[in-house]
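Report on the following structure.
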Amino acid sequence: MKPYDIPVLGFAAWSGTGKTTLLKQLLPRLKQRGLRIGCIKHAHHDFDVDIPGKDSYELRHAGASQMLIASAKRWALMTEDPQDDAPKLMDLLTKLDTDQLDMVLVEGFKAENYPKIELYRPAVGKPLRYEQDRTIIAVATDDPSALPEGLKLPLLDINNLDEIETFVCQFCPTSGGQG
């Protein structure tokens, strides 16, 4: 049984391909359509969203296992959960309040089993993944001539936000699939 009832779509690529840049451009467009989008981003290193010197940072570093900070505009929960391995995407999805979302977009987690768009820029110098990953449902690139002939997946222009937005909306039934 899956831990969510809404579409989950990833953007998987090697570092330096432009996943974050693409999502930063795509999210306002999806929000303008009225879609409520959750995001999960994979980090390969230790990270902090608190700022040293702020109360929430100081309390968390003083030993709080969970630190929830809230205002009239937002709230955030930081949880200390040291593990040997990075958390699995499916476990993280259970942390989201999917009743408040229409779709979840994921950046990274390229080795996990969920639908994703592969972003491919030949200039990055890394291989394509779609032949080894059957969960890739489309390839977005800036150089279609660098792809093997006979690609049986939808091909998207990584620089054409209208095209990528349309594809994402077709994946999300709540949007009505309108381009």
List the lysines whose Cα lies under 21 Å from the Cα of K73, skipping any in the same chain that are fewer than 8 positions away.
-> K24, K31, K54, K95
Quick one: if the Förster radius is 35 Å, what FRET efficiency do D81 and R29 give, using the C-beta to C-beta distance and rounding to 0.05?
-> 0.55
Treating cross-link reach as a plain straight distance, find the aspartates and glutamates whose alpha-carbon is under 20 Å from the alpha-carbon of K116, omitting any fewer than eight places away in the same chain.
-> D5, D91, D102, E107, E131, D133, D142, D143, D157, D162, E163, E165
For the range 14-143, with equal point scatterers placed on the C-alpha atoms only and solvent neglected, what are the log10 I(q)/I(0) values from the Debye formula at q = 0.14, 0.17, 0.19 1/Å, to two decimals?
-> -0.83, -1.13, -1.30
With each pseudo-label sitting 7 Å past Cα toward Cβ, what's the N159-T20 distance in nm, one decimal?
-> 2.2 nm
Sorted from fewest to most neighbouring beta carbons within 10 Å, what does the list T166, T141, T79 look like?
-> T79, T166, T141
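Bear in mind these aren't lab numbers, they're just calculated from the coordinates by the rules spelled out. Every value quoted in this text rests on a predicted model; they were computed, and no experiment measured them. Cβ sites come from the backbone with ideal geometry, for glycine too, and all protein chains shown count toward neighbours.
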